[in-house]
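So the structure is just underneath, and the comments pick up after that.
The values are calculated or read from the model by the stated rules, or taken from the named source; none is laboratory data. Worth saying up front: this structure is predicted, and the values here are computed from it rather than measured. Please note: Cβ atoms are built from the backbone with ideal geometry, for glycine as well, and neighbour counts cover all protein chains shown.
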Amino acid sequence: MARTVHIIGAGLAGLAAAVKLARNGGKIVVHEATAYPGGRCRSYFDRAIGMTIDNGNHLVLSGNHAVREFAKSIGSDNALVGPATADFPFADLKSGERWTLRISDGLLPWWIFNNSRRVPGTSTLDYLGVARLLRVADNATVGDVLSCSGTLYERLLGPVLLAALNIDPKEGAATLASAVMRETLALGGSACRPLIARDGLSHAFIEPALKHLKGQGVEVRLEHELRTLRFDGGRASQLDFGTDTVDLAPGDAVILAVPTHAAAALVPGLSVPQGYRAIANAHFKIDAPPHVPPMQGLINATTEWIFAFEGRLSVTISAADRLMNVPREELAETIWSEVAQATGIAAPLPPWQIVRERRATFAATPAENAKRPGARTQWENLFLAGDWTATGLPATLEGATRSGNRAAELAMGAA
Ligand SMILES: Cc1cc2nc3c(=O)[nH]c(=O)nc-3n(C[C@H](O)[C@H](O)[C@H](O)COP(=O)(O)OP(=O)(O)OC[C@H]3O[C@@H](n4cnc5c(N)ncnc54)[C@H](O)[C@@H]3O)c2cc1C
């Protein structure tokens with residue numbers, strides 16, 4: 001065991017690494033630049049609508065084992081809630097059609113043979129074609145593998161892959177789409193149940209993780225930004241936080257769990273993905289009537305997914321770069337009119353907030369995916385974590401958690 005492991009960054013990747021390491025004892029210190037741990041996965045009080053909301057609606061699927069295991073380790077697995085079966089209500093705003101996709105449990109996808117379970121206007125044969133995604137070349141895009149047109153694509157594959165990859169699937173890396181498919185849809189409904197942090201991301205992940213870590217004697221230093229990482233020969237030798245420095249003793253290790261741009265600035269010559277894609281979220285302060293499902297997908301709309309929380313309806317739009325410069329009021333009006341149509345709520349625009357994250361995730365193209373580095377570095381005591389490292393998954397909570405676990409294992413071995 002390393003004498004001290006310093007974890008830089010208290011996003012999901014850094015926290016997962018800390019939780020895993022804490023099981024093995026030894027000294028662990030987490031250094032977070034901001035006053036708010038959680039990174040891209042956290043809640044905050046929003047003054048515009050007077051309530052605590054998440055920086056973005058986050059969906060976890062029941063097949064995301066690392067995230068669920070993490071939640072279990074910190075005693076918060078009950079905070080992720082969802083239906084007992086993999087049911088996904090959809091509404092097509094253009095045609096007015098509504099349906100619920102019901103993915104059956106088990107490896108045999110019998111739901112695709114059942115007209116009332118699959119997407120209206122599709123045939124069993126359409127679904128069999130999706131198997132092409134299961135074996136793909138490293139440099140292929142989804143557009144190289146699937147036709148990216150037709151009813152099944154427009155009503156299911158397109159929306160699901162867009163949400164999973166956060167990029168127009170046509171240009172998205174087929175290997176990442178393939179990994180998502182293999183770990184979810186190909187395993188049947190039991191791996192596809194949608195899970196939501198009903199009382200917020202910080203309640204589900206961040207606060208329990210901090211409490212757990214405190215109980216394990218892990219020190220978490222907030223507003224402690226790593227400014228410079230110094231090297232000596234084959235190892236990282238000093239952490240410079242501007243106000244103070246830490247000399248790394250033999251056996252000490254560092255897990256760098258910061259976003260791409262911060263990692264590239266700290267580690268000389270590091271290859272990182274450089275392009276990003278945005279995500280836009282809209283939040284409306286309103287009590288949803290009981291018939292509104294916890295989550296529904298919209299087709300032929302700017303709005304892609306609607307989530308119903310207590311006292312609030314929230315919308316997610318992926319790969320939202322085209323919306324970054326749309327005036328906020330205009331966007332709120334457009335989205336609310338769609339939400340009202342989909343939910344049948346006849347109310348004028350409620351108090352609202354629009355949150356646009358320009359650098360929500362790295363751009364999941366084959367070229368950017370190829371730039372993702374592994375957890376090991378050329379320095380024997382420096383390991384990388386983060387959703388942008390080479391996890392084989394798109395930038396997701398699952399990928400971030402796995403990367404933290406992997407870096408923790410390597411740091412244990414580096415002692
Ligand atoms: C709007 C939005 C919606 C999303 N929706 C989903 C979803 O539905 N499902 C899903 O699975 N994923 C979703 N994601 C992706 C998910 O949030 C990320 O994959 C995950 O949170 C990344 O965690 P991370 O620890 O790798 O990075 P981050 O969360 O970025 O954490 C990095 C941390 O490092 C800190 N830091 C930076 N520089 C330094 C420094 N020099 N010193 C110390 N600390 C530093 C940062 O402040 C930050 O706290 C979404 C993301 C966004 C933005």
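Of the residues making up the range 132-177, those that are within 16 Å of the ligand (Cβ to nearest atom), in contact with a Lys or Arg (Cβ under 6 Å, 6 or more places away or on another chain) and hydrophobic (A, V, I, L, M, F, W, C) number 1.
May I ask you to verify whether Phe231 is within 12 Å of the ligand (Cβ to nearest atom) and touching a Leu at 6+ places or on another chain (Cβ under 9 Å)? Answer is no for this residue.
Taken together, the residues in the range 223-246 that are loosely packed, with under 15 Cβ neighbours inside 10 Å and in a loop (DSSP other than H, G, I, E, B) amount to 7. If the condition is being outside any strand (DSSP E or B) and either closer than 30 Å to Ala370 by Cβ or in contact (Cβ under 8 Å) with a residue 12 or more places away in the chain (or both), then the range 285-295 contributes Ile286, Asp287, Ala288, Pro289, His291, Val292, Pro293, Pro294.
Summed over the range 372-395, residues that are surrounded by 24 or more Cβ atoms within 10 Å (Cβ to Cβ), within 13 Å of the ligand (Cβ to nearest atom) and either among the charged types (D, E, K, R) or more than 15 Å from Pro273 (Cα to Cα) (or both) total 1. Considering Ala16, Ala10, Ala86, Ala22, the condition of being more than 15 Å from the ligand (Cβ to nearest atom) and surrounded by 24 or more Cβ atoms within 10 Å (Cβ to Cβ) is satisfied by Ala86 alone.
Does Gly129 satisfy the condition of being surrounded by fewer than 18 Cβ atoms within 10 Å (Cβ to Cβ), assigned to a loop (DSSP other than H, G, I, E, B) and either away from the ligand (no atom under 16 Å from the Cβ) or of a type in the set (A, V, I, L, M) (or both)? Considered against the rule, which asks whether it is surrounded by fewer than 18 Cβ atoms within 10 Å (Cβ to Cβ), assigned to a loop (DSSP other than H, G, I, E, B) and either away from the ligand (no atom under 16 Å from the Cβ) or of a type in the set (A, V, I, L, M) (or both), Gly129 comes out as no.
Evaluated against (1) within 16 Å of the ligand (Cβ to nearest atom); (2) crowded, with 20+ Cβ neighbours inside 10 Å; (3) more than 28 Å from the chain's Cα centre (by Cα), Tyr276 falls short on exactly one condition, (3). Residue pairs whose Cβ atoms lie under 7 Å apart, sitting 6 or more positions apart in sequence or on different chains, and linking a residue in the range 205-231 that is more than 19 Å from Val258 (Cα to Cα) to a partner that is among the hydroxyl-bearing types (Ser, Thr, Tyr) and away from the ligand (no atom under 11 Å from the Cβ), are Pro208/Ser76.
Considering the conditions (1) part of a helix (DSSP H, G or I); (2) at pLDDT below 90; (3) among the acidic types (Asp, Glu), Asp144 is excluded by exactly one of them, (2). Residues of the range 201-223 that are within 11 Å of the ligand (Cβ to nearest atom) and farther than 14 Å from Ala18 by Cβ: Leu201, Glu223.
A quick yes/no check of all residues on (1) among the hydrophobic types (A, V, I, L, M, F, W, C); (2) touching an Asp or Glu at 6+ places or on another chain (Cβ under 8 Å):
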site	(1), (2)
Leu176	yes, no
Ser190	no, yes
Ala209	yes, no
Asp240	no, no
Pro250	no, no
Val254	yes, no
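Candidates are the residues of the range 1-60 that are in contact with a Gly (Cβ under 7 Å, 6 or more places away or on another chain) and of a type in the set (Asp, Glu); the one that is farthest from Val220 (Cα to Cα) is Asp54.
If you check Met324 against the conditions, is it more than 10 Å from the ligand (Cβ to nearest atom), modelled with pLDDT of 95 or more and not hydroxyl-bearing (Ser, Thr, Tyr)? So Met324 fits the description; yes.
Residues are listed down the side, and each one gets a yes or a no for (1) over 30 Å from Gly96 (Cα atoms); (2) part of a loop (DSSP other than H, G, I, E, B); (3) touching a residue at least 24 places away in the same chain (Cβ under 8 Å):
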position	(1), (2), (3)
Val254	yes, no, yes
Ala264	yes, no, no
Leu270	yes, yes, yes
His283	no, no, yes
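Comparison of Ile49, Ile28 shows that the only residue that is away from the ligand (no atom under 13 Å from the Cβ), buried (at least 21 other Cβ atoms within 10 Å of the Cβ) and over 16 Å from the mean Cα position of the chain (by Cα) is Ile28. When we screen Thr316, Thr243, Thr260, Thr303 for residues that are within 15 Å of the ligand (Cβ to nearest atom) and modelled with pLDDT under 95, the only hit is Thr243. Within the range 8-29, residues that are within 20 Å of Arg227 (Cα to Cα) have Cβ atoms under 6 Å from residues that are surrounded by fewer than 19 Cβ atoms within 10 Å (Cβ to Cβ) and aromatic (Phe, Trp, Tyr) in no pair, counting only partners at least 6 apart in sequence or on another chain.
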